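Step one of this worksheet: look at the structure below.
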Amino acid sequence: MATIQWFPGHMAKAIRQLEENLHVVDIVFELVDARIPQASRNPEIERLIKDKPHLMIMTKNDLADDQQTTSWIKAFKAQGLPAIAVDSKANITTKAITKITQSILADKLSAELQKGLKERPVRAITVGIPNVGKSTLLNRLVNKRAAQVGDRPGVTKGQQWLRSSSKLQLLDTPGILWPKFDDEETGQALALTGAIKDQRFASDDVALYALKFFRQYYPTALTQRYKLQESDFDLSDVDLLLKLTKLFGMKDDYERASDRLILDIRKGKLGRYTLNRTTGDQDD
Ligand code: GDP
């Protein structure tokens, strides 16, 4: 899905559509990138969702730091938000999401059965910022067969329910929210993971942010990948970037070197990482 430029009109329309769709679902699947659980959250979401049951799904868990993911799941739970981390490419994901969804809605579903209502699938919508993995997860959940179960009253015209199993159906149109990056670090974290491809963030600034971050939290990944010496960590971030530029054989083209470093990190060549740290975190 292409990155979207957020103009006020787009936002208003996206919000309106999401609010309409919320009426017809039992639960909202809010997707965040497990590497940036904070930066990839839209701050308006809680207000929009109100009292709807709500599951946090941390996508791209295969790229994130396991220890941090565990802490984030705990942190979300402490805020009353059930959370699960997934790799949307893995088969097991559908089962895991179905199971946690059933447990979140257990009281509601059993109350319906007691009233004599027929057992029915739970209906969900996925929401999240562009590139967080909404389409990929949807395809996983409906197993690419994308069996449409037809229009239902109340659903915005042209939208369909997709069948995941007898227990779960999903709205085919995800809710799209915009990332909020009014502080520099959030913007850089979004840019480094590829969540935004925005000219506002110069690649050398993002690379300097990345170097500062990796030397603090994942120093071994950095030294091993680029065969650096311990003593290179005495250099300033700028000098370290210049050193890498030389090591890449790019003379003094630090912008090209920045792009290379960013791409390596995005592709996971420096290993798994989480940029937004939970509080109480110790340096590794
Ligand atoms: P959307 O804009 O929210 O619909 O995001 P997409 O589903 O198009 O995914 C954006 C990018 O993230 C694509 O390149 C996907 O292959 C990738 N992606 C999505 N989910 C995962 C995941 O769980 N793990 C990994 N490694 N990549 C993922």
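Nothing in this text is a laboratory measurement; each read-out follows from the coordinates by a stated rule. Because the structure is a prediction, the values reported are computed rather than measured. For neighbour counting, all protein chains shown are included, and Cβ atoms are generated from backbone atoms with ideal geometry for every residue, glycine included.
Results, tabulated for the structure shown:
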quantity	calculated
Highest-fluctuation residue, ASP65, ASP182, ASP237 considered, GNM on the chain with Cα pairs under 10 Å	ASP182
Vicinal HN-Hα couplings computed from phi for the range 172-183 (Karplus, 6.51 cos²θ - 1.76 cosθ + 1.60; Hz; Gly/Pro x)	6, 9, x, x, 9, 10, 9, x, 10, 10, 8, 10
Debye, to nearest 20: dipole size of the chain, +1 on Lys, Arg Cβ, -1 on Asp, Glu Cβ	1560
Entries of LYS89/LYS269; LYS50/LYS95; LYS227/LYS251; LYS197/LYS227; LYS50/LYS118 with Cα pairs more than 23 Å apart	LYS50/LYS95; LYS197/LYS227; LYS50/LYS118
The chain, relative contact order [Cα under 8 Å, separation at least 6], %	22
Relative contact order [Cα under 8 Å, 6+ residues apart], the range 9-113, whole percent	24
Relative contact order (%) - the range 177-265, alpha-carbon pairs under 8 angstrom, separation at least six	28
Filtered GluC sites (Glu not before Pro), the range 22-103: DSSP coil and at most 14 other beta carbons within 10 Å	GLU44
Max mean-square fluctuation residue, GNM over the chain, Cα-Cα springs under 10 Å, options GLN188, GLN224, GLN68	GLN224
Trypsin sites (Lys or Arg not before Pro), loop per DSSP, at most 10 other Cβ atoms within 10 Å - longest free stretch of the chain	51-114
Distance between modelled label sites at ILE15 and GLU44, nm, 7 Å Cα→Cβ extension	0.4
Fewest-first sequence of ILE36, ILE27 by Cβ atoms within 10 Å of each Cβ	ILE27, ILE36
Pairwise centroid distance, computed over Cα atoms, of the range 11-52 with the range 177-204, Å	20
